[in-house]
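Just below is one structure, and these are the notes that go with it.
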Amino acid sequence: MEPTTAPAKPQFSEAAKAEIARICKQYPEERRKSALLPVLHIAQAEFGGWVSPEVQDLVAEVLGLAPIEVYEVSTFYTMFNLKPVGKHVLEICRTGPCMLRGSDELTAHLERITGAKVGGAPSEDGLFTLKEVECLAACGFAPIVQVREKYYEQLDTQEAVDAMLLELRNQVHRPALPWEENGLPNALANN
Ligand code: FES
């Protein structure tokens, strides 16, 4: 039988609420919308690495915006994921310098090893999503992959790629963010 109760509305953790309040104080009351980008980043970190329509509605509510104002921004910037992602989102730079240093081969290799496809669903084990992105501003260390706040550089050898994947596979939880000084919220125990 189908469940009859609606899914619980998403809620920010206390730590995230405090961080959102701190960010909002940086802007005049009538310019709340200026806090939208950082708050979307917080939302993405809180809710499994992507922003569902319900999470975007929560962001709109918290900032006193119309939902469409949030959708316009979340669909414009590629750093916001609009579909469920794996535990780790690998953002592979494909711009000139990284391409010349083998980003195409790196992408093909990561697809082979993880089973995920660039722009497609996460790997079957739920660990990896692959995305291609433009210049990550670290061209001198090409080819580059960004995973959250960390850059993995000079991924032009099998050893370097293996070391990155091993580190990510061994990561039980995502690293805590600066405002989570007391550890990850309980709701993120499985992230
Ligand atoms: S081209 Fe890849 S970091 Fe700049």
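Values in this text are rule-based calculations from the coordinates and carry no lab data. If you're wondering where the values come from, they're calculated on a predicted model, not measured in any experiment. In this analysis, Cβ positions are derived from the backbone assuming ideal geometry, glycine residues included, and neighbour counts consider all displayed protein chains.
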| field | Three-way shape label, the stretch 1-152, alpha-carbon gyration tensor, a/c 1.5 | value | oblate
| note | For the stretch 1-105, averaging the sequence separation of alpha carbon pairs under 8 Å that lie six or more residues apart and dividing by its residue count, the contact order in percent is 22
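Which percentage, to the nearest 5, of the DSSP beta bridges contained in the chain is antiparallel?
Working: 5 of 11 bridges.
Antiparallel bridges make up about 45 percent of those DSSP assigns within the chain.
Give me the percent relative contact order of the chain, please, defined on Cα pairs under 8 angstrom at least 6 residues apart. Walk me through the numbers on the way to the answer.
Working: 242 pairs, mean separation 34.3, N = 191.
About 18 percent, as a whole number.
For the peptides 37-44, 65-72, what is the packing order when you average, over each peptide's residues, the other Cβ atoms within 10 Å and list the highest mean first?
Numbers: 37-44: 19.9, 65-72: 15.4.
Most protected by this proxy first, the peptides run 37-44, 65-72.
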| Once you measure Cβ to Cβ distances between cysteines in the chain, which Cys have no partner under 4.7 Å? | C24, C135, C139
| note | Whole-Hz Karplus couplings 3J(HN,Hα) for the stretch 58-65, θ = phi - 60° and coefficients 6.51, -1.76, 1.60, Gly and Pro as x, run 5, 4, 4, 4, 4, 9, x, 10
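Assuming R0 = 41 Å, can you tell me the calculated FRET efficiency for the pair A66 and A160, based on Cβ-Cβ distance, to the nearest 0.05?
0.35
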| field | Fully extended contour minus Cα-Cα distance, from L37 to V172, at 0.36 nm per residue | value | 45.9 nm
| note | In the neighbourhood of E54 defined by beta carbon distances under 13 Å, the net charge of the other residues (Lys, Arg +1; Asp, Glu -1) is -2
